[in-house]
Amino acid sequence: MTPSERAEYERLLIADIERMTAVAWQTGNLTYKLHSGQKRIWKALQDATAQEALLFISRQWGKSYLSACYALSYCLRHPNKIVRIAAPTLKQAQDIVSDNLAPICADAPSGLINPIKSAYRWQVGQSELRLGVLESAHVDSLRGGNASLVIAEEGGFVSSDDYEYALRSVIGPQLLRSGGQLIHVTTPSKEPEHFIHKEIYPRCALAGTKFEFDIYTNPQLTDEQIEKAKVLAGGEQSAAWRREYLVHIVRDDSAVCVPEFDEAKHVIRDEPPEYAVWGFFADFGGIRDKTVSLLCCWNFEKARLEVHDERHHEPNTETDTIVQAMRDMGKPYKVRQSYMDAPGQVLVDLRYKHNFEALLPHKDDFEAGINAVRLAVNQGKIMIHERCRFLIQTLRGATFNKQRTDFARSVALGHMDALAALVYANRMVDRTTNPVPSPTTFAERVAPAWMQKGKDAQQQAILAETLTNWSGRRKR
């Protein structure tokens, strides 16, 4: 091939590429910009009959690039529609979209994609791409108009309650009329009981629209780059590596309150001990939080605290309902202790209006109380009966607030009130009283019944003396 022929060939090749690129943008077929794993998800999303999909994908895999491509493509293929991309904060949403639009749109026809006056909107063909926020403080920015596609980015970094509210109260209604598509794009959350894990994951798995890709499925990364990411994340066994790169749902010791709790080790099915000192231990929620009461005993023989039953109530539950529930729970047992963290007036009302005596538990250092429970759990000194599902769920998912000065709050677990009640039980349960009765002699156990059969006082006296002598010989 001569130089002039080669130049002509290259000119035709470039012209052909430009023509195919223009057609791709006109039709919204942007798959030529994706790697093999991204193409698999793209095809599945377009073919899916389900309206909801979950992309559980590793860091450094290109999931935000994929979602930006998909959003642009949707706008181009569906005129006069609204497409939204939402992230925990508006800045995150803007960064995600802006950082990816530049490389994606480098070969786009001039005038096809234009920012609108607001920095948070773009005109894409005849449709509009808008940004939004998932956190509850600003989630209302997503309101307005019926969206046909909503992509929720990094929902795992939004609190479970905020994410649930955003989906149920803001995003869901927008998709109702349009019958549009909702795509969750995230790594797993630090919250083990997050709404994404409990609700969205199984729902999408059942529908066949759950996609999981770890860092090893990224064809653009070398082994050396993956190994470097592992080291930076803290190593192979670190929670960050397993969660952010292997896409595992893990309990992060730095996030949950009692990371030592393990259902396989600390949940029992045993019947209560025959002899024990029983007690109620409760956290009174009042008008804001849940009220949780635990029926516990100290198993003297095994030297451990056991929780055998529970009751939990929503805020604003009347005290007579709470007291009656505790009494019903404790009916089979002789309850000798009752401790409740409640305002003084509530304790007075319990005593005089409900004839229910409860004392205020000792409340010293917050962190010390949690640590005491953690130590006891780790040593096998706290066991929970399987019927106590609310307490078990709380121990699995209880988290601190951002400052780690108090428990976090959630719709499902309240103010971690079940854990608070367990802290009081661990502090206040009677560990010193030996509940096992002293062994009795044969004469003490049997003689009274036999003596009732005597016909007169003289026979009863003879029988009693005989039994006593017989018992004495047994002792010798």
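The values are calculated or read from the model by the stated rules, or taken from the named source; none is laboratory data. What you are looking at is a predicted structure, and each value in this text was computed from that prediction instead of being measured. So basically every Cβ, Gly included, is an ideal-geometry build from the backbone, and we count neighbours across all protein chains shown.
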Legend entry - Number of positions in segment 168-193 that are closer than 19 Å to Ile249 by Cβ, modelled with pLDDT under 90 and buried (at least 22 other Cβ atoms within 10 Å of the Cβ): 1
Legend entry - Odd one out for Ser254, checked against (1) modelled with pLDDT of 95 or more; (2) within 28 Å of the chain's Cα centre (by Cα); (3) polar (S, T, N, Q): (1)
Inset, instruction - Inspect all residues belonging to segment 400-412 and state whether any of them is out of contact with any Lys or Arg (no Cβ under 9 Å at 6 or more places or on another chain), within 24 Å of Lys265 (Cα to Cα) and touching a residue at least 24 places away in the same chain (Cβ under 8 Å). - result: yes
Legend entry - segment 56-78, subset over 17 Å from Leu30 (Cβ atoms) and modelled with pLDDT of 90 or more, residue surrounded by the fewest Cβ atoms within 10 Å (Cβ to Cβ): Arg59
Inset, instruction - Could you tell me whether Arg427 is more than 22 Å from Val277 (Cβ to Cβ) and out of contact with any strand residue (DSSP E or B) (no Cβ under 7 Å at 6 or more places or on another chain)? - result: no
Inset, instruction - Keeping to segment 364-405, report how many residues are over 20 Å from the mean Cα position of the chain (by Cα), farther than 13 Å from Leu422 by Cα and in a loop (DSSP other than H, G, I, E, B). - result: 4
Inset, instruction - Considering each of Val292, Val247, Val307, Val323 in turn, give the residue that is surrounded by 16 or more Cβ atoms within 10 Å (Cβ to Cβ) and in a loop (DSSP other than H, G, I, E, B). - result: Val247
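Going through segment 49-100 one residue at a time, which ones are part of a strand (DSSP E or B) and aliphatic (A, V, I, L, M)?
Ala53, Leu54, Leu55, Ile57, Ile82, Val83, Ile85, Ala86, Ala87
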Legend entry - Neighbours by Cβ (under 6 Å, 6+ apart or cross-chain): first from segment 252-278, without any contact (Cβ under 8 Å) to a residue 60 or more places away in the chain; second of a type in the set (A, V, I, L, M, F, W, C): Trp278/Cys297; Trp278/Val335
Legend entry - Near pairs, Cβ below 6 angstrom, 6+ apart or cross-chain, from segment 289-316 (under 18 Å from Arg327 (Cα atoms) and without any contact (Cβ under 8 Å) to a residue 24 or more places away in the chain) to any residue that is among the polar types (S, T, N, Q) and crowded, with 23+ Cβ neighbours inside 10 Å: Arg311/Ser293
Legend entry - Meets criteria (within 26 Å of the chain's Cα centre (by Cα) and at pLDDT 90 or above) for Val150: yes
Inset, instruction - Return the only residue of Glu236, Glu153 being on the phi < 0 side of the Ramachandran plot, buried (at least 18 other Cβ atoms within 10 Å of the Cβ) and not β-branched (Val, Ile, Thr). - result: Glu153
Inset, instruction - Return the only residue of Arg84, Arg130 being among the charged types (D, E, K, R) and either within 28 Å of the chain's Cα centre (by Cα) or within 19 Å of Val23 (Cα to Cα) (or both). - result: Arg84
Inset, instruction - Mind listing just one residue for me: the one in segment 311-362 that is basic (Lys, Arg) and out of contact with any Gly (no Cβ under 7 Å at 6 or more places or on another chain) and, of those, farthest from Ala276 (Cα to Cα)? - result: Lys353
Inset, instruction - Could you look through segment 277-289, keep only residues that are in a strand (DSSP E or B) and hydrophobic (A, V, I, L, M, F, W, C), and pick out the one that is nearest to Ala412 (Cα to Cα)? - result: Ala282
